[in-house]
Amino acid sequence: MDIEKASETGFCFGVKRALRILEETIAEHGTVETLGPVVHNQQVVDRFAQLGARAVERADQIAGGVAVIPSHGVSPDVLEDLASRGLKVVDTTCPNVRRAQSAARDLSQAGVWVVIYGDPRHPEVKGILGWAGHKGVATLDSRTVTDLPDLPSHLGLLSQTTRNSAQYAGFVGSITGEVLSRVDELRVINTLCNITKRRQAAALELARRVSLMIVVGGRHSANTRCLADMCSSTGTETHLVETAGDIDGAWLEGQSAIGVTTGTSIPDGVIDEVMLKLEGLKERGGRV
Ligand code: SF4
């Protein structure tokens with residue numbers, strides 16, 4: 001039985017950058033507070049909590065003097081609120097997310113109603129909608145837009161950075177097909193993250209060649225869930241695990257080949273532990 005790791009795993013550049021800025025900020029200020037988890041990975045959040053980074057859910061819970069904005073960004077009204085309270089704001093928003101925020105702001109300022117293909121509950125998506133001045137909607141269902149009785153005449157489509165490109169294309173196609181005759185303008189902007197795209201393509205290719213896929217990542221991480229859904233869509237048995245401890249030896253029984261991929265918030269140490277556990281289980285014929 002072969003065990004193969006996908007060609008790209010571990011932290012993406014946006015997460016590495018955010019963690020480097022956070023480390024520097026802690027070194028300079030001691031204790032800091034992050035608005036939400038700095039990345040969607042509990043092990044990373046726990047490690048930074050020990051160093052002095054406390055995660056809070058809402059801006060009004062920030063009690064110290066330094067507020068760190070996570071890699072998935074926030075809306076401008078949150079930034080303005082923090083600045084008006086005299087807090088030092090350290091912004092680790094990923095440049096790819098910033099691109100989507102700027103696109104939303106520019107569209108909105110041009111009088112274009114913004115449609116974001118993404119999970120409306122996700123912090124990145126809420127932030128992007130904020131940059132559009134909340135003049136738009138976030139959804140994964142094209143009917144949210146096509147069924148609108150009073151459709152705005154100027155529409156702009158963009159995507160949550162970590163979405164699947166084929167699904168975004170399908171969303172764009174559905175909306176275009178339904179509403180083109182009802183609007184004056186329809187703009188489409190590609191705000192997908194290239195790193196996510198490459199990782200999804202590599203995971204899909206691997207999932208088609210193996211009988212079992214292990215996706216390592218946070219259960220609340222959008223890019224990890226998207227990876228798991230894509231691997232599963234190939235028909236290959238797929239399990240999402242947060243750590244090596246989540247792996248069940250019974251999954252390996254009767255398998256011919258195992259593939260491993262990871263979300264973008266996974267430290268190399270966690271991946272090494274997963275690979276070690278799988279190799280150990282292989283030696284013991286899948287028994288724990
Ligand atoms: S997955 Fe892409 S958009 Fe998200 S933090 Fe990483 S590089 Fe940035």
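The values are calculated or read from the model by the stated rules, or taken from the named source; none is laboratory data. Keep in mind that what you see is a predicted model, and the values were worked out from it rather than measured. Here the Cβ is made from the backbone with ideal geometry for all residues, glycine too, and neighbour counts use every protein chain on show. Quick note on the areas: whole protein, heavy atoms, side chains included, nothing else; ligands and nucleic acids left out. Shrake-Rupley method; radii C 1.70, N 1.55, O 1.52, S 1.80 Å.
The criterion of at least 1 residues that are more than 16 Å from the ligand (Cβ to nearest atom) and over 19 Å from ALA110 (Cβ atoms) is met, among strands (runs of 3 or more DSSP E) falling completely within the stretch 136-188, by 136-139. Note on the stretch 12-35: among residues that are open to solvent by 50 Å² or more (accessible area, probe 1.4 Å) and hydrophobic (A, V, I, L, M, F, W, C), the one that is nearest to GLY254 (Cα to Cα) is PHE13.
Just to be sure, is GLU185 open to solvent by less than 60 Å² (accessible area, probe 1.4 Å) and within 26 Å of THR146 (Cβ to Cβ)? Yes, satisfied.
Kindly indicate whether any position in the stretch 137-153 is modelled with pLDDT under 95 and basic (Lys, Arg). No, the conditions are met nowhere in the stretch 137-153. I'm checking my understanding of the structure. Among residues of the stretch 5-49 that are of a type in the set (Lys, Arg) and assigned to a helix (DSSP H, G or I), which one is farthest from the ligand (Cβ to nearest atom)? Taking the candidates together, the pick is ARG47. Against the criterion of being polar (S, T, N, Q), assigned to a strand (DSSP E or B) and within 16 Å of the ligand (Cβ to nearest atom), THR238 does not qualify. Hey, among the residues in the stretch 190-227 that are surrounded by fewer than 24 Cβ atoms within 10 Å (Cβ to Cβ), away from the ligand (no atom under 15 Å from the Cβ) and under 20 Å from the mean Cα position of the chain (by Cα), which one's nearest to GLY259 (Cα to Cα)? If we take residues in the stretch 190-227 being surrounded by fewer than 24 Cβ atoms within 10 Å (Cβ to Cβ), away from the ligand (no atom under 15 Å from the Cβ) and under 20 Å from the mean Cα position of the chain (by Cα), then LEU204 is nearest to GLY259 (Cα to Cα).
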